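Peer 1: Pasting a structure here, questions to come.
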Amino acid sequence: MSVLASSLPFIDESIVNVALPAIRADLNANAVETQWAVNAFTLPLAALLMLGGALGDKFGRRHMLMIGVAIFGAASLLCAAVPTLEALIAGRAGQGLGGALLLPNSLALLNGAFSGEARGKAIGSWAAAGAVSGAIAPLAGGWLVDTFAWPAVFWLLVPISVVAFVLAATKVDEVRRPDDAATDYSGAATATLGLAGITLALTFWSARGVFDTPALASLAAGIAFLAVFLAIERRKGDNAMMPLALFGGTCVVSLNVLTFLLYAALGGLLLILPYLLIQSGGYSATQAGLAIMPFPIIIGFGSPLAGGFAAKTGVRIPLTIGPALVACGMLLSLRIGPESGYWTSVFPALVVIGIGMAIAVAPLTSAVMAAVEDSYAGTASGLNNAVSRTGGLIAVALMGGVLSLSGTALFGGFYEAIYAMAAAAFAAALTGWFGLRQLDAKT
């Protein structure tokens, strides 16, 4: 059940990335509107994941997971049944809200059911299942777009949500933290507004190529709200949505910096690569979905092995090697061009990136969960997921200039983005090597 529920956001992201060119063409959306079809989902997901974990700790992880699945399913129905830009953006925001509730609590339920090496393997299986669903989703989504139309990809999510809800209601025991700590609604509101302001500023800048008055105003407002958020979290102490005490150790900070950098690189690639293949590479949506499949399949098979291995040896080495391989795979994707073949350009890059992520995903998740007390498992899970989603959010916000290009010019924008993403992945590898020296994560 935890695996099925947590797969919903992964399926959604994979499907929408493949369907994005069709959505843009059908709704006559510009580059900024196209970005918001993605960021409307990622923004509430990133900003509210920590609150979702804290709510699960307080009110029950099974209860909050069920609410999240219900919201996600209803929002998917809105996207499918009302195919307009306004409804799509609203529905995507609803999906993000539902994902913020279900993701941290699905992992926290799983974390509480296992310990030691078994926990590492279970988390690896959780990551693997998400990867497998991410492998099937682009192909299924591409076929639905080519055969029917883009709303069909959202119809697919509705029955999956219903099944996940029923399983949670009938097969899962409730778990909650045994205290009455107040819920940090003010922290959630200011974090959301802060991320929204920064995201809007970066979206304007990337699409227009200049920091004009609206972009500067949005940036200033975002920074101000985030400053207020930090002040609120400091005042609330252990009752905060993001307890600042979690950042007291170098390893915890390093793990979250590594997460941000690695998932920023990955989020940018998974947005722009299928878009490039469809818009300028001559691929159909189905072919683009099929082209991406090696990446999640490798993660699906490799993550359980990496999770068990890291549980025995510690996480520093895999969290250095994995991101370094991702950076190498990014640079390999510079071979993708207007006349290049799939097997000599796209496939090798995705294989190397997939191996790197398979090595890193489960050890990273295990290390973050091991760094806090079990009673705060939901909060820790929400924090790390929020950091990863924020990395993807910022990456997408910076892609406006690339999304506005077409034809061969799109390849030039893709290459520039690849250099930046490779640099981020390499910085993540350095963070793993130098920042995790003292981490003893025999999880």
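The values are calculated or read from the model by the stated rules, or taken from the named source; none is laboratory data. These numbers were taken from a predicted model, which means no experiment stands behind them. Reconstructed Cβ throughout: ideal geometry from the backbone, glycine too, with neighbour counts over all protein chains shown. These area figures cover heavy atoms from the full protein model, side chains too; ligands, DNA and RNA do not enter into them. Shrake-Rupley method; radii C 1.70, N 1.55, O 1.52, S 1.80 Å.
Peer 1: Projecting each Cα onto the charge dipole of the chain (Lys/Arg +1, Asp/Glu -1 at the beta carbon, about the Cα centre), which of PRO9, TRP36, GLY354 comes out farthest on the positive side?
Peer 2: GLY354
Peer 1: Hey, in the GNM for the chain with a 10 angstrom Cα cutoff, which one of ALA108, ALA427, ALA386 fluctuates hardest?
Peer 2: ALA427
Peer 1: Can you list which of the DSSP-assigned H helices in the chain have a Cα extent of 18 Å or more along the long axis and an average Kyte-Doolittle score of at least 1.6?
Peer 2: 151-171, 250-279, 318-332, 347-370
Peer 1: For the chain: lysine pairs with Cα atoms under 17 Å, gap of 8 or more or different chains, count?
Peer 2: Pairs that pass both the separation and distance tests number 4.
Peer 1: Considering only protein heavy atoms and a probe of 1.4 Å, how much of the accessible area of the range 211-271 is carbon and sulfur, as a whole percent?
Peer 2: Accessible surface attributable to carbon and sulfur in the range 211-271 totals 72 percent.
Peer 1: As a test of reading the structure, rank TYR185, TYR342 by solvent-accessible area (1.4 Å probe, protein chains only), most first.
Peer 2: Order by accessible area, largest first: TYR185, TYR342.
Peer 1: Ignoring everything except DSSP H segments at least 4 long, calculate the 222 nm mean residue ellipticity for the chain; use -39,500 (n - 2.57) per segment, divide by total residues, nearest 500.
Peer 2: Roughly -28000 deg cm²/dmol at 222 nm, from the helical runs in the chain.
Peer 1: Could you give the longest part of the chain that holds none of the GluC sites (Glu not before Pro) found in DSSP loops with at most 15 neighbouring Cβ atoms within 10 Å?
Peer 2: In short, 1-173.
Peer 1: Then there's this: Apply the a/c threshold of 1.5 to the C-alpha gyration tensor of the chain and tell me whether it is rounded, prolate or oblate.
Peer 2: Here the chain falls in the rounded category.
Peer 1: Please build a GNM for the chain, connecting alpha carbons under 10 Å apart, and tell me which residue among SER284, SER76, SER106 fluctuates the most.
Peer 2: Sorting by GNM fluctuation, first place goes to SER284.
Peer 1: Something else now. Taking the Cα-to-Cβ direction at SER340 and at LEU167 and moving 7 Å from each Cα, how far apart do the two end points lie in nm?
Peer 2: For SER340 paired with LEU167, the spin-label model returns 3.8 nm.
Peer 1: About the Cα centre of the range 149-278, how large is the charge dipole given +1 on each Lys and Arg Cβ and -1 on each Asp and Glu Cβ? Please answer in debye to the nearest 20.
Peer 2: The dipole of the range 149-278 has a size of about 180 debye.
Peer 1: In addition: Need one value: the accessible area of LEU77 in square angstrom, 1.4 angstrom probe, rounded to the nearest 10.
Peer 2: Around 80 Å² of this residue is reachable by solvent.
Peer 1: In Å², what does the accessible area per residue of the chain work out to with a 1.4 Å probe?
Peer 2: Roughly 37 Å² per residue, with all protein chains present.
Peer 1: About its Cα centre, what dipole magnitude does the chain give when the only charges are +1 on Lys and Arg Cβ and -1 on Asp and Glu Cβ, stated in debye to the nearest 20?
Peer 2: 600 debye
Peer 1: From Cα pairs below 8 angstrom and at least 6 apart in sequence, can you work out the relative contact order of the range 203-316, rounded to a whole percent?
Peer 2: Dividing the mean separation by the residue count of the range 203-316 yields 8 percent.
Peer 1: Taking all protein chains as present, what is the carbon and sulfur share of the accessible area of the range 323-363, in % to the nearest whole number, probe 1.4 Å?
Peer 2: 74 percent
Peer 1: For THR408, tell me the accessible area in Å² from a 1.4 Å probe, rounded to the nearest 10.
Peer 2: Surface accessible to solvent at THR408 totals approximately 110 Å².
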